[in-house]
Each structure stands twice: as structure tokens, then as C-alpha cells.
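Since the structure comes first, as C-alpha cells, the remarks are kept for the end.
Readers should treat all values here as calculations from the given coordinates under stated rules, not as data from a laboratory. Here the structure is a predicted model, which is why all the values come from computation and not from measurement. Glycine also receives a Cβ, built like all others from the backbone with ideal geometry; neighbour counts cover every protein chain displayed.
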Amino acid sequence: MKEMKMSTSKNWYAIYTRPRWEKKIANLLAKENVITYCPLNRVLRQWSDRKKLVYEPLFSCYVFVQVSNIEMAKVKETAGVVGFVCCSNRPSVIKDAEIEIIKEFLSEYTNVQSEKVDVRENDLVRIVNGALSQYEGYILAVNKNKVIVSLPSLGYKLVAEVQKSCIELVKKPDVPKYA
């Protein structure tokens, strides 16, 4: 019988949380000695009688955790955690450099906005996870949670069905502007 080897090296992962539970889950996991990062955006809020600087999660319903494969079960069992963000049915590893970029960006700016980027047919995209990581290609079709990408840089026209969460937009197609 083949024995599965569990890795003890730690990687960053994103977890889905219940709505408005981001800070609470980060605190619960920190109490369990799990390394967490809940990016907080400094926002100046206006009330009728005053202004106040408040800290709100930058990414709604997401918290980052740095865990080994063994610690994943502890994270999943935490109240308010919906699950790991996955690509091809495996939790998506987030690069250390990407976490550092978010930290640096938030340290320099206030009132930061995060937006999901919709992709459309003919958009140039880069695959960020999986075996085809860092390859660029064009979107041929968009389904509910997946896109079909043509990858001409491999010297062949390969068509792959890729989870939307595993791509990043490189360039939208040029659309002529009419006066």
C-alpha cells in the first residue's frame, strides 16, 4: 500500500470565511498558533456627528493563513471557516511575494479598493497556478467558474479548461472607440 507523505513545510493559502467574520477568524486562528494575515484597509468613515479612521478587511470573506498540510484540518474545523480557496480541487498556494506586496501596498495607502476583474472572450490572461503556471493565452469561452484558454506560446494550440481563480488578466482586447 502506498503511503502518502505529509509535508511539514508551510505555505500561504486563502480561506473563505462567513461574511463579516474575517477579523474574528484571524483572531481565533492566531489563538491556535496559526499564522494569519487579514489585510486591513484604513478607511475614513463619516458619521453625522464625526469622522473616524476605521480598519476594514480589504478582501471580503477572505483571510490568508500560513500552514503546513498537517495544520489544514485545524483551520477547516474553525468556526466561521467555509473552506480553502481551491484550483483543480487543491488548495491554491499563494506566493510569499504576493503577501508582501499586499502588506507594502496597505502600509503606503489608505482607502484602497479591491475589485474582482471579470474576464471576457479574447482577453489575454496568465495562468497563475497549476502545471501551466505562468503561461499566457487567450480566453476562448467563459463558463460559470471556468474559462477555456488557448495557449499558443507552447508551439501548439492547446485548449485548457482553467478555474477563473487560477488566471490573472494581462490585457483586454483593443476595442475601437467611436465618436
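Assorted remarks:
- Glu108 vs. criteria surrounded by fewer than 17 Cβ atoms within 10 Å (Cβ to Cβ), without any contact (Cβ under 8 Å) to a residue 12 or more places away in the chain and within 20 Å of the chain's Cα centre (by Cα): no
- So Ile70, is it touching a residue at least 12 places away in the same chain (Cβ under 8 Å), under 25 Å from Thr110 (Cα atoms) and aliphatic (A, V, I, L, M): no
- Filtered by the rule that a residue be over 16 Å from Glu22 (Cβ atoms) and of a type in the set (D, E, K, R), the stretch 48-90 gives Asp49, Arg50, Lys51, Lys52, Glu71, Lys74, Lys76, Glu77, Arg90.
- Positions within the stretch 28-52 being of a type outside the set (S, T, N, Q) and without any contact (Cβ under 8 Å) to a residue 40 or more places away in the chain, in sequence order: Ala30, Lys31, Ile35, Cys38, Arg45, Trp47, Asp49, Arg50, Lys51, Lys52
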